[in-house]
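Participant: Quick one: structure below, then a few questions.
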Amino acid sequence: MVEKAKDVARHVRLYYWYLRANWLSLMAYPVPFITMNLAGVVYSLGSVATVWVLFTRIHAIGDWTFPQVLLIYGLSIFSRSLFHLFWVELMSVSWMVRTGHIDRLLVRPLNPLY
């Protein structure tokens, strides 16, 4: 059990360093980074504003009220965020194999399937 805890602690430290390196590479070009994040915020707020404008004209869509629609929208955004956080890189695995970039993952001191 102690060995497993040490293994998990090692992986957490490695993840921190990978995350830090990724953050520094993103911040090498701060304008596109800030622009993309602001665009995401504007898109989300625009979507909520669209639903709000819709519900100022009508009081319900079927039996769905404004808070219920916002809850469903929030859950969909949350699930999409989780997908992007953990699994979006899986969509590029075939490209990585074809171009040889998969070797970069395989030579790291971390099991890529962990």
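The values are calculated or read from the model by the stated rules, or taken from the named source; none is laboratory data. Keep in mind the model is a prediction, meaning the values are calculated, not measured. Counting neighbours? That spans all protein chains shown, and the Cβs are built from the backbone with ideal geometry, glycine included.
Participant: Taking H59 and the conditions (1) surrounded by 11 or more Cβ atoms within 10 Å (Cβ to Cβ); (2) modelled with pLDDT under 90, which numbered condition does it fall short on, given that it satisfies the others?
Facilitator: Every listed condition holds for H59 apart from (1).
Participant: With I61, I77 as the choices, which residue is in contact (Cβ under 8 Å) with a residue 24 or more places away in the chain and farther than 22 Å from V107 by Cα?
Facilitator: Of I61, I77, the one residue that is in contact (Cβ under 8 Å) with a residue 24 or more places away in the chain and farther than 22 Å from V107 by Cα is I77.
Participant: OK, next. Would you mind stating whether L71 is part of a helix (DSSP H, G or I) and surrounded by 11 or more Cβ atoms within 10 Å (Cβ to Cβ)?
Facilitator: Considered against the rule, which asks whether it is part of a helix (DSSP H, G or I) and surrounded by 11 or more Cβ atoms within 10 Å (Cβ to Cβ), L71 comes out as yes.
Participant: What number of residues within segment 1-28 are outside any helix (DSSP H, G or I) and surrounded by 10 or more Cβ atoms within 10 Å (Cβ to Cβ)?
Facilitator: Within segment 1-28, residues that are outside any helix (DSSP H, G or I) and surrounded by 10 or more Cβ atoms within 10 Å (Cβ to Cβ) number 1.
Participant: Go through (1) touching a Phe, Trp or Tyr at 6+ places or on another chain (Cβ under 9 Å); (2) loosely packed, with under 10 Cβ neighbours inside 10 Å; (3) not aromatic (F, W, Y) and name the single condition P109 misses.
Facilitator: Answer for P109: the failing condition is (1).
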